[in-house]
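Shown next, in structure tokens, is the structure this report addresses.
Bear in mind that the values in this text are calculations on the coordinates, not laboratory data. As the structure is a computational prediction, the values presented were derived from the model and not from experiment. Positions of Cβ are generated from backbone atoms using ideal geometry, with glycine treated the same way; all protein chains shown enter the neighbour counts.
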Amino acid sequence: MTNLPSHTKLLCQSDRFFALLMVVGIFVVIAIWLFEEYFEVIQVYDRYGYAGSIFASLVCLALTLKFQKAHTAKLLLFLYITLYLVGLSVVSFLHSAQTGNIYTFASSLQWIPVIYLVAFLFLSPQQAVASTLSIYILLVTFLILPYLGWIKVEASLKALSLQVVVSHAVYIFCLFGVVKLRQTQEASQRRAIQMENAANNDGLLGIGNRRMLQTELNARMATKTPFFLLLIDVDFFKAINDMHGHLVGDDVLRAISTCMEDNIRPQDTIGRWGGEEFLVIANGGTLDDAVKLAERLRLAVASMQIDPVGQVTVSIGVAPFEANTSISQTFSAADKRLYAAKNAGRNKVVAA
């Protein structure tokens, strides 16, 4: 099974949520339509608006599920909801001003915050902020007209307009706070990941360090997962440092690290144990498989020519983890075999 990147998984989850929102929205519109028809409070323009809302939701649902155009569907939905609800608010306000019945205006105003929610859910933070503020400013500009004397309305409608201005400002402020908290949380998570990576990776070689290896070993011991330790030491590394300097020595370690990373198996873990020593945790298989892996690593390193040093070799000790032993005992066995490989002339693999 293919593993999707984390950002792709998040996009898929967002698209599924968006499709679910469309389905829920269709049922909500139908329920409101039936409710207002039953109580005979629906206006003619509401019937057209409800029908249009259902149609727009079905179009967005098709774009998301059938045509895989969720981004286009989200923008289309936001534009439709904005135009519909803002237009409905204007029409219902004028209707309420003429009839003195504030129900139609109040019922349309209660849905205006949906615009803000859709913006912050499906647009980028910058787009959401700009869109929300623009819509709010437009709404406030219209609602203050009665206070300027341009539209004659009853006191109840003027009071309702003032409450809308204040309450919507609170909605937007809360949404800004949620977005800010989310951004802060995401930044904290990124910093935590970076700190964890820095704590578990060798700064020079970019592979796992001793801390990471110890964590891996403890996890395998806790689950009694079979594995083999390959303790690897660069032959005559002190002489390389003495002759060519520590910067060249660092280059040698980088080259060897990269070479071994390229030659281990996908299930294996490699890290720098310390100094010029590396440790490979070979998962699964038999002792013969571990020895073959060690020989492949030894030959791969020996085949390189590293300027200005030339050929560099490694010695490797191999030891299996036994269920009745500890990590320290397994490492001690690998260490003894590493010394045996060095005593045997270096550039060798020694196992049980």
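Take peptides 188-200, 338-350 and line them up by average Cβ neighbours within 10 Å, highest first, as a rough protection proxy.
338-350, 188-200
With labels modelled as points extended 7 Å from the Cα through the Cβ direction, what inter-label distance (nm, one decimal) is found for Arg190 paired with Arg346?
4.6
Report, in deg cm²/dmol and to the nearest 500, the calculated mean residue ellipticity at 222 nm for the chain, where each DSSP H run with n ≥ 4 adds -39500 (n - 2.57) and the sum is divided by the residue count.
-23500 deg cm²/dmol
With everything on Cα atoms, drop me the angle between helix 125-143 and the longest principal axis of the chain, reported from 0 to 90° to the nearest 10.
10
Using alpha-carbon positions, what is the distance between the centroids of segment 266-307 and segment 314-350, in Å?
What the calculation gives is 12 Å, centre to centre.
Pop the C-beta distance of Thr325 and Arg210 into the FRET formula with R0 = 35 Å and round what comes out to the nearest 0.05.
According to the calculation, E is roughly 0.95.
If packing is taken as the average count of other Cβ atoms within 10 Å, what order do 176-184, 293-301 fall into, highest mean first?
293-301, 176-184
Need one number: convex hull volume per residue for segment 80-207, Cα atoms only, in Å³.
Spread over its residues, the Cα hull of segment 80-207 gives 109 Å³ apiece.
Binning at 5 Å from 0, report for segment 192-292 what percent of all alpha-carbon pair distances ends up in each bin.
Taking all Cα pairs of segment 192-292, the binned fractions are 2, 12, 21, 22, 19, 13, 7, 3, 1, 0 percent.
How many nm separate the modelled label positions at Val178 and Leu34, each set 7 Å beyond the Cα in the direction of the Cβ?
Placing both labels 7 Å along Cα→Cβ, they lie 2.8 nm apart.
State which entries of Lys238/Lys348; Lys158/Lys180; Lys224/Lys348; Lys238/Lys342; Lys292/Lys342 exceed 22 angstrom in Cα-Cα distance in the structure shown.
Violating the 22 Å limit, Cα to Cα: Lys158/Lys180; Lys224/Lys348.
Could you compute the FRET efficiency for Gln98 and Leu75, with r as their C-beta to C-beta distance and R0 at 35 Å, rounded to 0.05?
Once the sixth-power term is evaluated, E becomes 0.50.
Over 21 Å, how big is the tail of the calculated P(r) for segment 210-350, in percent of all Cα pairs?
I get 38 percent for the Cα pairs in segment 210-350 exceeding 21 Å.
Based on alpha-carbon atoms only, what is the radius of gyration of segment 26-137 relative to the globular estimate 2.2 N^0.38 Å?
Segment 26-137 yields a ratio of 1.14.
Using the Kirkwood radius over Cα pairs, work out the Stokes-Einstein diffusion coefficient for the chain at 4 °C and 1.567 mPa s, in µm²/s as a whole number.
49
With a ≥ b ≥ c the root eigenvalues of the C-alpha gyration tensor of segment 293-352, is it rounded (a/c under 1.5), prolate (a/b larger than b/c) or oblate?
prolate
Calculate the length of the line joining the C-alpha centroid of segment 188-253 to that of segment 49-74, in whole Å.
Answer, in whole Å: 52.
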